[in-house]
1. Which FRET efficiency, nearest 0.05, do Thr23 and Ala65 yield, Cβ-Cβ r, R0 45 Å?
2. Starting from the Cα-Cα distance between Cys142 and Arg386, subtract it from 0.36 nm times their residue separation and give me the gain in nm to one decimal.
3. Just want to confirm a number: the relative contact order over the stretch 35-96, from Cα pairs under 8 angstrom separated by 6+ residues, in percent.
4. Of all trypsin sites (Lys or Arg not before Pro) in the stretch 134-186, which ones are in loop regions per DSSP and have a Cβ with at most 10 other Cβ atoms within 10 Å?
5. Output the Kirkwood hydrodynamic radius of the stretch 89-163, Cα pairs only, in Å rounded to one decimal.
6. Report the charge-dipole magnitude of the stretch 14-140 in Debye, nearest 20, computed about the Cα centre from +1 at each Lys and Arg Cβ and -1 at each Asp and Glu Cβ.
7. Given Cα pairs under 8 Å that are at least 6 residues apart, what percent is the relative contact order of the stretch 174-240?
8. Scan the stretch 50-124 for chymotrypsin sites (Phe, Trp or Tyr not before Pro) in coil per DSSP, keeping those whose Cβ has at most 16 other Cβ atoms within 10 Å, and list them by number.
Amino acid sequence: SGTDDDLGDSLRDDDGFLASLPTDLLLRFGELVRDFTDAATNTGRIIIDELFLPLAKKSIPPINAGGIAGGLKYVHKGLFCKFVIDEYGVYGGNEFAAKSAKHDLRGIDLYMNLCMRGLVRLLHFPLAVIVRWRGFTVLVMCVLPLSSDTIVYGSADGARSVHNKCTDVAAQLEVAAKHLNVKGHDVVARGSIMRVVKEHLHTCGDVEVHRSRVDRRYYMLDLHRIMPPSMPVSTIKGGFLYRLLRPEFVRRCATPLCSDAFSVWARSSDQAFAEHNAEVRAASRQLEGTVVVAFAHALTNRYVLLLRRRLRVAAELDAERRFAHLVPASTCTSTPLSTSSSSVPLASGNGRATDEDNLDDVIDADNAILLLHRVGINVRFIGLVRHALCDAEPKPADGSPSAQRQAADDATGTTTTTAAAAAAATATAPYDVGFVTKATSTTATVYQLPTASA
């Protein structure tokens, strides 16, 4: 079992919000989170273990909490649990339904970051954790003092009714949408027969904001579709529910994108629906084409640059060892240098380690997913990245070995001795390569690889 700690946009304390809180309050909050996580993990395991038991034998029976996309619902000892399985076949499989739980936590994370930075106020969120056990996923949250008639924004009944009752909440969510680059749009209530009722929302239509009658606070729920969907694929069922664009990419888009694109929630009119869909299609094509290609070429260029430097230095040291008998012992100051990825990063001409020097740390296998996410590429596009890397494979560059050595010396500010240069040219010839970059310089700059310290 486990909790989900890879949300792509982890909580930050850029404005010192957490640092300003009293130490004893932070300690008590930490203890609360640990107790909640332990209780949630145990409850989630029990629910999963009892999945195939008859209803009468289950120690935690499911409840009818409405909705068809959230899976089975349970309430136990102050915990509200969503067993995210594809009960009604809307996702096309349990593994795809489980993705919605992670999107829910990511949505909470995005809005909490805005609240911590002071950009959005009024909103509160439940403690939540994902429990994975025996191949199943349960989203566990604390029970909130809410009911079906406390909703003030969004829809809790599949668009039969849509709410936008509080101007303060609407204004705050509009501010949040601008920071997330999410487009506001009209959502039509489909339970009205006599007249068309629609509300302008800056979130997905099935988000819920409630005002509790107990503590008078506003609570925001069901954030799994805050980010816009990717361009749909005809062979993938219900992809708009879980194949979402990453927030890092959405923020960089020139046009705000609609969270409800390609779904009935955005069908306020045929013209608006077509416009929302066209904008998301254009963004998806940019991601799958320009951004992926720029990322692949930047990764290839930086990796080969590092490899060139390592091989060149190693060849020079090998040449010095081979010709050491011709040089007085007092002048031999070289130290053998390992070319493995675990060695100390090589320093550039100014004596400082550059981004390229630390590239082996950046593209380590453990950081590969993080590196993709930083530039807004979903892991499901890893095949496109590999294809673009194949297109970016190096080819021999024109020019004599001496010209190539001179170019390398000019770039690093070093001078190569004749003996060392002869050995270096032989060792590095297969890696002295050129590239044909397909992406424009502007795009490559916007989507440049993050540094090791990012």
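The values are calculated or read from the model by the stated rules, or taken from the named source; none is laboratory data. Small disclaimer: the values here were computed from a predicted structure and weren't measured. So basically every Cβ, Gly included, is an ideal-geometry build from the backbone, and we count neighbours across all protein chains shown. With ligands, DNA and RNA removed, areas are computed over all heavy atoms of the protein, side chains included. Shrake-Rupley method; radii C 1.70, N 1.55, O 1.52, S 1.80 Å.
1. Computed FRET efficiency for Thr23 and Ala65: 0.70.
2. Gain on extension, Cys142 to Arg386, equals 83.7 nm.
3. Computed value for the stretch 35-96: 21 percent relative contact order.
4. Arg134
5. With all distinct Cα pairs of the stretch 89-163 included, I get 14.7 Å.
6. My answer is approximately 240 debye.
7. 21
8. Those that pass, being in a loop and sparsely packed, are Phe52, Tyr88.
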